[in-house]
1. Restricted to segment 365-377, and to residues that are open to solvent by less than 10 Å² (accessible area, probe 1.4 Å) and part of a strand (DSSP E or B), which residue is farthest from Ala297 (Cα to Cα)?
2. How about segment 230-273: which of its residues are touching a residue at least 40 places away in the same chain (Cβ under 8 Å), over 24 Å from Leu150 (Cβ atoms) and open to solvent by 20 Å² or more (accessible area, probe 1.4 Å)?
3. Considering only segment 134-149, how many residues are outside any helix (DSSP H, G or I) and either open to solvent by 60 Å² or more (accessible area, probe 1.4 Å) or modelled with pLDDT of 90 or more (or both)?
4. Ala111 passes all but one of (1) modelled with pLDDT of 90 or more; (2) assigned to a helix (DSSP H, G or I); which number fails?
5. What are the pairs with Cβ atoms under 7 angstrom where one residue, in segment 112-135, is closer than 13 Å to Ala60 by Cβ and among the hydrophobic types (A, V, I, L, M, F, W, C) and the other, located anywhere, is open to solvent by 40 Å² or more (accessible area, probe 1.4 Å) and not in a helix (DSSP H, G or I)? Sequence gap at least six, or different chains.
6. Of the residues that sit in segment 310-335 and are assigned to a loop (DSSP other than H, G, I, E, B) and at positive phi, which one is surrounded by the fewest Cβ atoms within 10 Å (Cβ to Cβ)?
7. I'm checking my understanding of the structure. Among residues of segment 79-106 that are more than 41 Å from the chain's Cα centre (by Cα) and open to solvent by 70 Å² or more (accessible area, probe 1.4 Å), which one is nearest to Glu253 (Cα to Cα)?
8. Just name the residue that is modelled with the highest pLDDT out of those in segment 567-592 that are in contact with a helix residue (DSSP H, G or I) (Cβ under 7 Å, 6 or more places away or on another chain) and more than 30 Å from Ile683 (Cβ to Cβ).
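The values are calculated or read from the model by the stated rules, or taken from the named source; none is laboratory data. Everything numeric here is computed off the predicted structure, so don't read it as measured data. When we count neighbours, we look across all protein chains shown, and the Cβ atoms used for this are built from the backbone with ideal geometry, even at glycine. Heavy atoms of the whole protein, side chains included, go into the accessibility calculation; ligands, DNA and RNA do not. Shrake-Rupley method; radii C 1.70, N 1.55, O 1.52, S 1.80 Å.
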Amino acid sequence: MNQTAIELNQKALTTLEFDKVLALLAEQAGCDGARERAAALLPARRLEEAQRLQDATAQACLLIGRKGSPPVYGVKDIRPSVERAEKGALLSPKELLRIGNVLRATRALPAYLEQEGGEVPLIADLFRPLSPQKTLEERIAQSFISEEELSDHASPELADIRRKINGASGRIKETLQRMIRSPAYQKYLQEPIVTLRGDRYVLPVRAEYRAEVPGLVHDTSGSGATCFIEPMAVVEANNELKLLRAREQDEIERILAELSAFVSQQSDPILLNYELIVEIDFVFSKARLSYSMGAYAPELSARGGIDLRRARHPLIPREAVVPIDIRLGGGVDTMVVTGPNTGGKTVTLKTLGLLHLMAASGLHLPAEAGSEVAVFANVFCDIGDEQSIEQSLSTFSSHMVNIIRILEVADAHSLVLLDELGAGTDPIEGAALATAILERLRAQGARVAATTHYAELKTYALNTEGVLNASCEFDLETLRPTYRLILGVPGRSNAFAISERLGMDPAVVARAAELTSSGAQAFEEVLAELENRRQQMERRLQEAAQERDRANRIRAELALEQERFRLQRDRELEQAAVESKRRVAMAREMYNRTIEELEALRRERDAADFGEKLDEARQRLRRQLRRASEELDPVLPKEQGDTVLPRALRVGDLVHIRTLDKRGEVLSPPDDRGNVALRVGIINTKAKLTDLTLVNEQPDLTERLTAARRGDKPVSSMKAELDLRGMNGDEGCLELDRYLDEAALHGLETAVIIHGKGTGALRAAVQEFLRGHPHVRSFRRGAFGEGEDGVTVVELR
């Protein structure tokens, strides 16, 4: 790549604000080295390299989604410290602790990738060379308490010296405390405290009494009123303490030298570990940026195509940016974007260029999944006003100088972005020059996106194969740009409409329209009509899409309802199958028992009492058949004939459907043919009015309470039985409690609770509940003909 291309590529990075994206990337980094890598990131120039970077980011996203980020936060740059150790320098505790932090991260990282390497081979390649240095890591960890202090565990010698230091300090303090408490010395002291001066323990003595306290004067106060004296009684002990502290410092330096030498010996694996940790954090920083942007991995095109779907500029807040679609390739190598000022044309160019740079750098794109981006070796752009007073260049001249340099180096591996091409000079000449520039760039094989206001370029795009018109949408009703990019349609500048909205005299605007050439005016009118029809068509498509979504939603709801019905049907069929098996088993048991009795009778037919035994067997068989019948259906047979309701049905009434033996809720009054719409469970159905009975029909609550206070026994339509079959104990007791309250208000004296025989669990729960209920006088099991063990008869108070 020649120098001109290098300079133009570097300029494009600045113009497209790639550095600001890198600043966002650096914010996601967990260590200093990764932040430096982020700030220096450059786009790949080859497809294979860009694809490898994209794959690594995608694999890091996969791991973050499963396990969070790897443990590399807080790792500092240790390269200068390791280099100093290699030269024999003594490393400080702070430097050694940073090296220890790197070694700790090195040991922790392999555990992060356990059982994941097969799905993330590129990430596994970064983790595999990590070389833990456990001995050095543990040695550093046990040697330091903080960046300023070594631990007593750093060496046995250091621990012994510090133990002696503590002992000597204690003896000195004890001696000085005795002097402070002594009446002979108290009057000489400024304060009854022990303090330090130059690592030696001293007492604060009043200046006028300094001769009364034998010792060495180490300092005086600023006012001269206090002398800090080391009493002779502790001079020797302080000397010993000073020697011990010198030995402590010597031992500390020896330990630091030993650790520094250890680092020097392992410098290569330590530096390799650091570089790997930085690279790992850098890759995962890209993944964290992807999550924060709501970005997706693009598909990298080998054919030079670009298909960005609902792309967002990454530097515009998500709540403010308007997503756009951009397409180049598939026979289209040039896109001409037109539309009003401040309508989003320049942002469109910057979005295209910046998202290409991000894709080539391994960054995911703030665009819909499935977006496609080509990798170009060069990105050249001419965006913005580069007028230079120092170089005596006008706006037009500065643009031309830049474009001339681009024309010199642009080729089939280049993406060229040109803003307001041909502007700043005579419109006729500018439009002709812009067209010629586009033709030259296309001939050189470059992919081009350019913005313009020139009608000639719109016409050129309409008439030239491979050139696509695009426009930034303008709302004709609000006279405001919507910032949406419309592909395939040229846009209007809408200068007249914008000027009038900004307050321009309508007469001036009308005169300007008159002065516009008839051809240009007709062209603009055609564009306006096309835009109006396009917007109408888009609104209709949106309405159609909404209707389609509503239909899909209804279809899904119906499918869900159908599935619920199917599940309920399957449950009921399963219950019926279980019941059938139970009944078959009972019949088989009766059959076997009967056969046995008949066989016994056959053997005894010659006996004198054969007739009596035969009659007794017949009666026993009848009793067994009756018990089996009651076991299968312990309630009385359903009443035949039509029922007469005590009142007209109302919506919401609860009714019993005799033919189905089910309860349902009334959805609408009876129709002309006597059919009533009902909801039974989740199913809507119809039943004949004559087949329905009201459930718990009751008089007005006020009337019932008044009657209860008078002690009247009102005539009630409330049923004197409650069917709890199919419920568990808790459900049955809850329903029974409600029923007994209603029965008391209705003045019922006797009620039959149907719980069935089954396992007896529901019967036991019901009778236990009745035993302590305030409305119950007594209860008993059902007699023969009442249901026997399948019911409980309750006498109410």
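1. Ala374
2. Result: Ala233, Ala237, Pro269, Leu271, Leu272.
3. 5
4. Ala111 satisfies every listed condition except (1).
5. Filtered contacts from segment 112-135: no entries.
6. Residues of segment 310-335 assigned to a loop (DSSP other than H, G, I, E, B): 312-323, 330-331, 333.
Remaining after also requiring at positive phi: 330-331.
Numbers: Gly330: 13, Gly331: 9.
Per the criteria, the residue is Gly331.
7. Only one residue fits best here, namely Leu90.
8. The selected residue is Met586.
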